[in-house]
Amino acid sequence: TGKQPSSTTIQADETCDYLNSHLTIFVVGASGDLAKKKTYPSLYALYRLSFLPASVVICGYARSHKTDAEFRDHLVRTYDDVRSAETASGAACVNRLFYFAIPPSVFVPIGTSLKNAIIGPSEEEEKEMGNGCDGGDGTGTGTGQQHIGWNRLIIEKPFGKDTASFEKLSSAMGALYTEKHLYRIDHYLGKEMVKNLMMMRYSNAIFEPLWNRNHISNVQITFKENFGTKGRGGYFDGYGIIRDIIQNHLLQVLTLVAMEPPVACSGENYSNYVRNEKVKVLDSILPVELEDCVLGQYLAPEDGSEPAYVDDPTVPDDSVTPTYAAMVLRINNPRWEGVPFILKAGKALNERKAEIRIQFKQPPGAAAMFPGEKIPHNELVMRLQPDEAVYMKMNVKEPGLRTTPVISELDLTYKSSFPDAFNVDAYTRLILDVLRGSQAAFVRDDELRSAWKIFTPVLHRIEREKVQPIKYAYGSRGPAEADELLRKEGFKYHAEYEWQSRSNL
Amino acid sequence: MSTPSSGIQADEFCDYLNTHLTIFVVGASGDLAKKKTYPSLYDLHRHAFLPESVIICGYARSHMSEAEFRDHIRPYLKGGDDEDKSDFLDRCIYRAGAYDSEGDVDAAFDDLRAAEAEAGAACVNRLFYFAIPPSVFVPIGTSLKKAVIGPSEEEGEGNGQQQRIGWNRLIIEKPFGKDTASFEKLSSDMGALYTEKHLYRIDHYLGKEMVKNLMMMRYSNAIFEPLWNRDHISTVQITFKENFGTKGRGGYFDGYGIIRDIIQNHLLQVLTLVAMEPPVACSGENYSNYVRNEKVKVLDCIAPVELEDCVLGQYLAPDDGSEPAYVDDPTVPDDSVTPTYAAMVLRINNPRWEGVPFILKAGKALNERKAEVRIQFKKPPGAKAMFPGEKIPHNELVMRLQPDEAVYMKMNVKEPGLRTTPVISELDLTYKSSFPDAFNVDAYTRLILDVLRGSQAAFVRDDELRSAWKIFTPVLHRIEREKVQPIKYAYGSRGPSEADELLRKHGFKYHREYAWRSRSNL
């Protein structure tokens, strides 16, 4: 019951061979929260927009309490039905997408069962054994009359808690699957503005000449949430804000801001070009020092309307897990040496937003050319959420009879410039990337290894020394010490200016 | 009198506010005085930018009573209420006399001297506004010099009544010559009477908000200057489009043509501010000559325009015949070859700009009314390889001077949604939406205020004009000598298509699918 690709603004014209084959989607952990809130709604959006083939079966699977052997038998029996549908489709080629909407503790057991019971040795492995077949991306295999185009696995964070646990997971999964099979989701990489980052940087002649230590004074990447753990802090308390937000989401954004131009950003086989550059810039970043961090944990607000973090019943009373962190990262390469990259993330703050803020150096000579005037620094801001926007804070003459600079901005607010644009959820974009075989927006094994190298030492030190987070009130801007850290790193704050979103115009 | 209103403050060099001011408007019965000079003086008065003690004397050949004169200008005063207008008009007097008569001017000044004396101020300032054709600049300049201003080379002389004269300043209006020779004559005649310190030559484009903003934009933002050169910019266009013809008043225009009327003055002035090197100072004390030195310097780097780098046009009637052709204007000769449209390529031979064409375009009777600066950047290096198969439009920084001031950067972003294709969008600053409460000041108002404050930066210096005429005189003479036939274009069209060809030849990339929409009406 497939339709022609709908909607005027999107067309299923990019690498969509999978549309002409049968597709099996196997959602493991289908009864859980993630599957319900993200996986299925995104699959529905893709289906509605004709980005799923006419011949598709989506099988939800969840594990009830069984022994491993029972589980495996059950999995095989379940997949028998799916395989019947594959055969009944009569398609010459079948593709299989496995979505792991499950905690990492069961990645390996389930991955093993799937590999043994369903996926079998990959085409590459079969080729080594001398009985492979052509086509697909090397992850498929033959099944009687039907050819398996590909087997792809989507897996969700966390990918370890530190270097050691990451390496353990990585080698266990690596024994089963190659990088070609694995699509590690970081949903920040599916956000419109993050997907736009490479296009912005490299398809405009105006940015790249400024994009370096000669013109940029500091870069901030910020995540703010205006609510706390809401009684579900148990999981969070074992990870903390650095692992939950900074080491993955914000660091991924940083790599796209800071990396060198890749060989290609689109077209065929560009994924590893992009990921090579991300790894390269990660490898230029020194491990974070505790002295370059401000850690915080929220208290109840003054009116007592919300609980403090430690009053969450699922959080230990003496928890020192940070719910806020600001950290300075230093990229020691020719482009960025001396430019601090400041990553900030916090829960229970005054607002909800995520943004990249690139502050430029002071305009050379301006203090002499406009004597006595205060000349604010330019800033390029990319707002990731809510209400995507790009704006350049810029000085113009105050309109009217004075010759005084005032801050205004060159503004591109998506809601007003693209009022009809289809507002796509990050998961929808990313699942489509998987179907198209584009791995650029998925995190490669070596990216994670390099990322953990940056954060593992400071995370271990925080835990070993039980570093006390600075307390801040729920609904506040976070610890004042973070402003001090920014000031020390050269960020100039212009209190009188506030950007007004044009989303509601 | 009210205190300065919100958003604007009379705090910059406003010493003149504490003393007596005499304003003497020569040609007060004419069109310019009625439509520009008096409305701007009224605007300044209403916003407390004129001193409490001010007298404004209109002077012209026509005999009119004071009441008649006030009735003549009152309809052109905008804003405020009747009381504001009467309060202003009470300070306006009118005297008739000949321009070449020292005696008439002296007589007219009797009352003004009396008012100065009566004001009792230790110091009086005098502003002379020449709202007259250039043919009478010298006669009235001579009469004023002899009867009123006196022989002083420098300001600060007495007026013979115990009062010190703070300053004598003359505002004069274009045209400042028709070519190098006529300019030199006018310049030496006026130079014999007045020094550069006295003279404020108005080019009203220099009073436009966006033009006044140009230096602030370039030099108070760290993001522009690194890009502002031949390494990153491929072409610069400065465009003036008018959507009406000569309206039966082409007689004056026909003797000048669009190149003298718009390009050699207004557009070239804008060009200098776009292209000049950073001046020592752009504001503060005594910055005017720093700015004008840089303007002269960049003008001197421009080679004279070649006819081969020009497209000349003249408008015909539109297809539906609803408007007359240029030559059907009754005041225009039937065989006129005067261009009503011109596109010209200027080349700036200096280290910053060599190889970057500056294209000045101006035309009457076109499809729209606008004036803008459009800076097109080179293609993003490497992008073709990084986004295989995609068309990657060039960036453009556009400063819209009129109508509806705006600055926008045409920029590529990923098409929102599920595709990875670039689409043109823009980083936009539209003044009406970003500064909804800003005081919308007329260019003349700003410029008269500059005169009162003694800021000459936005006025054209003698040597700027000399350098400007050097660029245009050879091609103007050749056009006239060879009676170069302009290309005909229809009233209401985009102008001759040969101009598009000229742009294309010089590397300008036109991206048809994109049209910027003003946010002024949001």
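Relative to the Cα centre, what is the charge dipole magnitude of the stretch A:387-470, using +1 at the beta carbon of each Lys and Arg, -1 at the beta carbon of each Asp and Glu, and rounding to the nearest 20 debye?
The calculation lands at about 360 debye.
Near the amide H of A:Asn395, within less than 5 Å, lie the amide hydrogens of A:Ser408, all on another chain or at least 5 residues away, with H placed in the peptide plane. If only the Cβ of Lys and Arg carry +1 and only the Cβ of Asp and Glu carry -1, the dipole of the protein assembly as shown around its Cα centre is close to 1780 debye. With the simple spin-label model, which puts each label point 7 Å out from Cα in the Cβ direction, the B:Lys384 to A:Ser105 separation comes to 5.7 nm.
Helical runs assigned H by DSSP (4 residues or longer) give chain A a calculated mean residue ellipticity at 222 nm of -9000 deg cm²/dmol, each run adding -39500 (n - 2.57) before division by the residue total. What angle, in degrees between 0 and 90 and rounded to the nearest 10, separates the Cα long axis of helix A:445-464 from the longest principal axis of the Cα atoms of chain A? The answer is roughly 60 degrees.
For the chain pair B and A, the buried solvent-accessible surface (1.4 Å probe, both sides summed) amounts to about 6000 Å².
For the segment B:203-215, counting C-beta atoms of other chains within 10 Å of every residue's C-beta and taking the mean gives 2. In this structure the amide hydrogen of B:Lys378, modeled in the peptide plane, comes within under 5 Å of the amide hydrogens of B:Ile233, B:Ser234, none closer than 5 places in sequence on its chain.
Solvent-accessible area assigned to carbon and sulfur over the stretch A:185-282 amounts to 47 percent, based on a 1.4 Å probe.
Spacing of the modelled spin labels on A:Arg335 and A:Asn423, each 7 Å from Cα toward Cβ, amounts to 3.3 nm. When the protein assembly as shown is described by a simple charge dipole with +1 on each Lys and Arg Cβ and -1 on each Asp and Glu Cβ, the residue from A:Gly234, B:Thr445, B:Phe24 located farthest towards its positive end is A:Gly234.
The A:Arg232 and A:Ala117 beta-carbon pair, evaluated with R₀ = 35 Å, returns a calculated FRET efficiency of approximately 0.55.
Approximating the spin labels as points 7 Å out from Cα along Cα→Cβ, the A:Asn212-to-B:His511 distance works out to 2.5 nm. With a cut-off of 14 Å between beta carbons, the residues surrounding A:Lys353 carry a summed charge of +2, where Lys and Arg count +1 and Asp and Glu -1. Average accessible surface for the stretch A:272-380: 40 Å² per residue, computed with a 1.4 Å probe over protein heavy atoms with every protein chain in place.
For peptide A:359-365, the mean count of partner chain Cβ atoms within 10 Å of a residue's Cβ comes to 4. In this structure, the residue pairs whose Cα-Cα separation is over 30 Å, taken from B:Lys370/B:Lys470; B:Lys178/B:Lys509; B:Lys36/B:Lys361, are B:Lys178/B:Lys509. Remark on the protein assembly as shown: Rg and Dmax equal 35.9, 120 Å (Cα only). Highest mean first, the peptides A:258-265, A:77-84 sorted by other C-beta atoms within 10 Å per residue fall in the order A:258-265, A:77-84. Computed packing ranks the peptides A:410-420, B:463-473, B:57-67, A:338-348 as A:338-348, B:463-473, A:410-420, B:57-67, most packed first, by mean other Cβ atoms within 10 Å.
Against the longest principal axis of chain A, how steep is helix A:163-176, in degrees 0 to 90 to the nearest 10, with axes from Cα atoms? The two axes meet at around 30 degrees. Inverting the pair-averaged 1/r between distinct Cα atoms of chain A gives 24.8 Å as its Kirkwood hydrodynamic radius. Helix A:192-203 sits at what angle to the longest principal axis of chain A, using alpha carbons and giving 0 to 90 degrees rounded to 10? So the helix axis and the longest Cα principal axis differ by about 70 degrees. Over 28 Å apart at the Cα level, from the set A:Lys224/B:Lys384; B:Lys212/B:Lys384; A:Lys374/B:Lys35; A:Lys115/A:Lys280; A:Lys344/A:Lys393, are A:Lys224/B:Lys384; B:Lys212/B:Lys384; A:Lys374/B:Lys35; A:Lys115/A:Lys280. Remark on A:Ala389: its backbone amide H falls under 5 Å from those of A:Arg383, A:Tyr414, a criterion applied only to residues 5 or more positions apart or on other chains, H modelled at 1.01 Å from N. Separation of the stretch B:176-217 and the stretch B:313-380, taken as the distance between their Cα centroids, equals 23 angstrom.
The values are calculated or read from the model by the stated rules, or taken from the named source; none is laboratory data. Since the model is a prediction, treat every value here as computed from it, not as a measurement. Every residue, glycine among them, receives a Cβ derived from its backbone with ideal geometry; neighbour counts consider all protein chains shown. Calculation scope for accessible area: heavy atoms of the full protein, side chains included, ligands and nucleic acids excluded. Shrake-Rupley method; radii C 1.70, N 1.55, O 1.52, S 1.80 Å.
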